[in-house]
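Written out below as structure tokens is the structure these notes cover.
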Amino acid sequence: MKVLLVGSGGREHALAWAIAASPLVERLWCAPGNPGIAGIATCVEIAATDIPALVAFARQNAVDLVVVGPEAPLVAGIADACAAAGIPCFGPSAAAARLEGSKAFMKEVCAAALVPTAPSATFSDAAAAKAHVREAGAPIVVKADGLAAGKGVVVAATVAEAEAAIDAFMAARIHGEAGATVVIEACLVGEEVSFFALCDGAHAVPFGAAQDHKRVGEGDTGPNTGGMGAYAPPPAFTPELEREVMATVVRPTLAEMARRGAPFRGVLFCGLMLTQAGPRLLEFNVRFGDPECQVLMLRLMSDLVPALQASCDGVLDRFAVRFLPDAAIAVVMAARGYPGTPEAGSEIRGLERASAVPNVQVFHAGTRAENGRIVAAGGRVLTVCAAGRTLAAARDAAYAAVDAIDWPEGFCRRDIGHRALGG
Ligand code: AMP
Ligand code: GLY
């Protein structure tokens, strides 16, 4: 089989690693990829959002399966363009990707499908949004409707903070048109879990859960990021909760999307809050999480490729995905300045020494090759991952690998996994 993977982050390096391990795969390309991915796949210089060029490449090279990592090309219709060209694509159509692309749409689907989620209201008028906030009181959550690179949510502790967020989104348009509409919702309290289900439009199978660490600082302090680390499995997400979420969130959503003529295929990422009253859906994403994907791939026992194909083929009802009982952990190493303006260009040494630590995989995210050296070229630069019989063993291996990396301009959180490990 020939596979084209789209994307360039740590998530895509982990996907490339799992796809390349499949005995079914004879050729793997990645567009645009990164220097880590270049070690296991052929990188092609096409941007992840250049849909016509990606489809043309897939056609010219008789690609059997396109696998899409990030949300932007999905929301822009890469799966539709592949379908029109007769190329199987793992990922939802643009119409189904609206579950991530529009929070107002996601809320509308949840309401129709009776999915448990925070009570909310949608506004395209700032004065009405502010009046609602004043009436509801704080804490309250303000969300830009559209894609905002993970920065479109403000959990406001006061009414003034919520009003400021409404102004920033709707008047100043800090996220452009994504903020033309806002969703205002009740603030939920509990532990957050990322749960993944593979979907084929009609059927869904659980694909594991992980817990992300969104804040930049240790002890969950400081500004939000795309994710500073993850571990799996999260003990708070019991098999009973997984069954409940499949029954109350995933299956009703699939049925509602099919009813609307936009069946959901691909991976449905359910961002959940485990509240005292039960699991509540915070958001849908229509792709794997980053860095959650990295820990899922480390625990995956089954061949990934047939699972992705079964999603495209609509035969997931005949499919089961198996995971190792082991724990896995991912520690993100970021460039100084992240999540603000990261410093670029510093050299990273010791990667081979880090990769030689038993049970460790070092996935590249924001790196660039320059005269035979690897340099930082992004905010989140590396994901240092490890598997272990226990989470503590996985953590120790991952941090041993982190310590083998010589990169003074980088930093990481030292407490990944703390909710499960204690202390
Ligand atoms: P989202 O992009 O919707 O996942 O939101 C980003 C983060 O904001 C989530 O991971 C939560 O930590 C937080 N968040 C979103 N919605 C709520 C809510 N209703 N209550 C409390 N926190 C929330
Ligand atoms: N780590 C969260 C995300 O990928 O959205």
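Do any residues in the stretch 190-217 that are over 22 Å from R299 (Cα atoms) and assigned to a strand (DSSP E or B) have Cβ atoms under 6 Å from those of residues that are within 11 Å of ligand 2 (Cβ to nearest atom) and hydroxyl-bearing (S, T, Y), where the two are at least six apart or on different chains, and which pairs are they?
Listed by first residue and then by second, the contacts come to V216/T225.
So how many residues does the stretch 175-231 have that are charged (D, E, K, R) and over 25 Å from A365 (Cβ atoms)?
Residues flagged as charged (D, E, K, R) and over 25 Å from A365 (Cβ atoms) within the stretch 175-231 amount to 4.
List pairs: first in the stretch 327-352 and on the phi > 0 side of the Ramachandran plot, second surrounded by fewer than 23 Cβ atoms within 10 Å (Cβ to Cβ), Cβ under 6 Å, 6+ apart or cross-chain?
Correct list of pairs: G337/E343; G345/V375; G350/A404; G350/I405; G350/D406.
Scan the stretch 408-423 for residues that are more than 21 Å from Q211 (Cα to Cα) and either of a type in the set (G, A, S) or in contact with a Leu (Cβ under 8 Å, 6 or more places away or on another chain) (or both) and jot them down.
Of everything in the stretch 408-423, just one residue is more than 21 Å from Q211 (Cα to Cα) and either of a type in the set (G, A, S) or in contact with a Leu (Cβ under 8 Å, 6 or more places away or on another chain) (or both), namely G410.
Residue by residue through the stretch 259-292, note down the ones that are in contact with a helix residue (DSSP H, G or I) (Cβ under 6 Å, 6 or more places away or on another chain), within 16 Å of ligand 1 (Cβ to nearest atom) and either part of a helix (DSSP H, G or I) or charged (D, E, K, R) (or both).
R287, D290
Select from the stretch 234-254 the residues that are more than 16 Å from ligand 2 (Cβ to nearest atom) and either over 23 Å from A113 (Cβ atoms) or surrounded by fewer than 15 Cβ atoms within 10 Å (Cβ to Cβ) (or both) and list them in ascending order.
P235, A236, T238, P239, E240, R243, E244, A247
Identify, by number, the condition in (1) within 22 Å of the chain's Cα centre (by Cα); (2) closer than 18 Å to A262 by Cβ; (3) assigned to a helix (DSSP H, G or I) that G146 doesn't meet.
Of everything listed in (1) within 22 Å of the chain's Cα centre (by Cα); (2) closer than 18 Å to A262 by Cβ; (3) assigned to a helix (DSSP H, G or I), G146 misses just condition (3).
In the stretch 1-36, which residues are within 11 Å of V66 (Cα to Cα) and free of Cβ contacts under 8 Å to residues at least 60 places away in the same chain?
Hits for the stretch 1-36 are L28, W29, C30, A31.
Looking only at the stretch 21-29, decide whether some residue is over 22 Å from V331 (Cβ atoms), touching a Gly at 6+ places or on another chain (Cβ under 9 Å) and at pLDDT 95 or above.
No: zero hits.
So, in the stretch 326-336, how many residues would count as being under 22 Å from the mean Cα position of the chain (by Cα) and either of a type outside the set (A, V, I, L, M) or not in a strand (DSSP E or B) (or both)?
The qualifying residues number 1.
The values are calculated or read from the model by the stated rules, or taken from the named source; none is laboratory data. Nothing here was measured: the structure is a model prediction, and the numbers come from that model. Neighbour counts are summed over all protein chains in view; Cβ atoms, including those assigned to glycine, are modelled from backbone coordinates with ideal geometry.
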